[in-house]
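The numbers here are math on the coordinates, done by the rules we state, and not lab data. Please read all numbers here as calculations on a predicted model, not as lab measurements. Cβ atoms come from the backbone with ideal geometry, glycine included; neighbour counts cover every protein chain shown.
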Amino acid sequence: MAEPELPLAWVTGAAGLIGNYLLQLAPRYAPGWRVRGLTRADLDLTDFAALRRRLSTERPALVIHCAALSRSPACEANPELAHHVNVEVTRVLTDLAADTRLVFFSTDLVFDGRRGRYTEEDPPNPLGVYAATKLAAEAHVRKHPRALVIRTSLNGGTSLTGDRAFNEQLRLAWQAGRPVRLYTDEFRSPIHAAVTARATWELARQDVTGVCHVAGAERLSRWDIGQLVAARWPQLHPRIEPASVRDHPGAPRPPDTSLNCARAQARLSFRLPGLREWLAANPDEPF
């Protein structure tokens, strides 16, 4: 007698940083699932008819929605496209997956950064187009009875394209001989994407719903983060110039969007580390 087929899990945005780590770590942290990564080449999520057909045919039991237009400058330059990709796609996917477990990735940038250490109950107030579209998408997802919104912060690691993670962007600049201006007064909760992926699989298996913050345990400035990454690449002779978020030339940037992750931490089997701790524990990992 054949064994029953394992339930199917979709990961959209599978070529992105977090999506790729979700796929890499699925054999270890999602052994009860058949995991299918969807890239833009596999399925254009903006083709709603194709999305409807694919969902109807494959009937995934879990959808982890990572796909997004996530670079803030691109969103500021084309807010209509950002709204379509980040809000409308999420709205349609949420409606079509009404009977499916759904996990949606959002951002710490939904907060205005006036005080930091934000909990899930704190009122959002996005300052930029990207953050505004993510908050609008959250509103659709939160109507879904089996949905989880994961707000995360800066994710590091190694991406398929070599330029998606914050540490990769820093390294590329130093390889080109360019100094990097980093704000001493802009604070985030950086985390390695592998940790984010592990936490996501655990929360999904537990059917946690609502909103959870998943980020690093340490509040660090952009300047602090740059110093930590530079220490991994002394051969590049990295140059960092201090600057202030008050002098940022583009759209306003929230000064402190560090996150309180107590709700997620209470449900996880491991402790969410700070970036400094993760780097010390993984000295040989590329970063």
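What is the calculated FRET efficiency for ASP247 to GLU121, with r their C-beta to C-beta distance and R₀ = 41 Å, to the nearest 0.05?
Values: r = 32 Å, r/R0 = 0.79.
For ASP247 and GLU121, the calculated efficiency is 0.80.
Shape call for the chain from the C-alpha gyration tensor, a ≥ b ≥ c root eigenvalues: rounded (a/c under 1.5), prolate (a/b greater than b/c) or oblate? Could the numbers behind the result be given before it?
On the way: a/c = 1.66, a/b = 1.44, b/c = 1.15.
Because a/c hits 1.5 or more and a/b exceeds b/c, the chain counts as prolate.
Computed FRET efficiency, Cβ-Cβ of ARG28 and GLN169, R0 35 Å: what is it to the nearest 0.05? Don't skip to the answer; put the middle values down first.
Values: r = 28 Å, r/R0 = 0.79.
It comes out at approximately 0.80.
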So if we plug the beta-carbon distance of ALA262 and LEU81 into 1/(1 + (r/R0)^6) with R0 = 30 Å, what FRET efficiency do we get, rounded to 0.05? 0.25
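Give me the extension gain from ASP44 to ALA74: residue separation times 0.36 nm, minus the current Cα-Cα distance, reported in nm with one decimal.
Numbers: separation 30, 0.36 × 30 = 10.80 nm, distance 1.90 nm.
Answer, rounded to one decimal: 8.9 nm.
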Under 8 Å for C-alpha pairs, at least 6 residues apart: give me the relative contact order for segment 8-281, rounded to a whole percent. 21 percent
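Filter the GluC sites (Glu not before Pro) in segment 63-152 to those in DSSP coil with at most 15 other Cβ atoms within 10 Å of their Cβ, and list the result.
When the GluC sites (Glu not before Pro) of segment 63-152 are filtered for loop state and at most 15 Cβ neighbours within 10 Å, GLU121 remain.
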Could you put HIS213, HIS144 in order, starting from the residue whose Cβ has the fewest other Cβ atoms within 10 Å? HIS144, HIS213
Please rank PHE270, PHE105, PHE111, fewest neighbouring Cβ atoms within 10 Å first, as an exposure proxy. PHE270, PHE111, PHE105
Need the full-extension length gain, ARG142 to ASP95, defined as separation in residues times 0.36 nm minus the C-alpha distance. One decimal, nm. 15.8 nm
What is the helix-to-structure angle for 193-205, meaning the angle in degrees between its Cα long axis and the longest Cα principal axis of the chain, kept from 0 to 90 and rounded to the nearest 10? 30 degrees
Pairs of Cα atoms under 8 Å, at least six residues apart: use those to get the relative contact order of segment 119-201, whole percent. 24 percent
With angles folded into 0 to 90 degrees, how steeply does helix 48-58 sit against the dominant principal axis of the chain? Use alpha carbons for both and round to 10. 60 degrees
In degrees, nearest ten, helix 17-29 long axis to first principal axis of the chain (Cα): 60 degrees
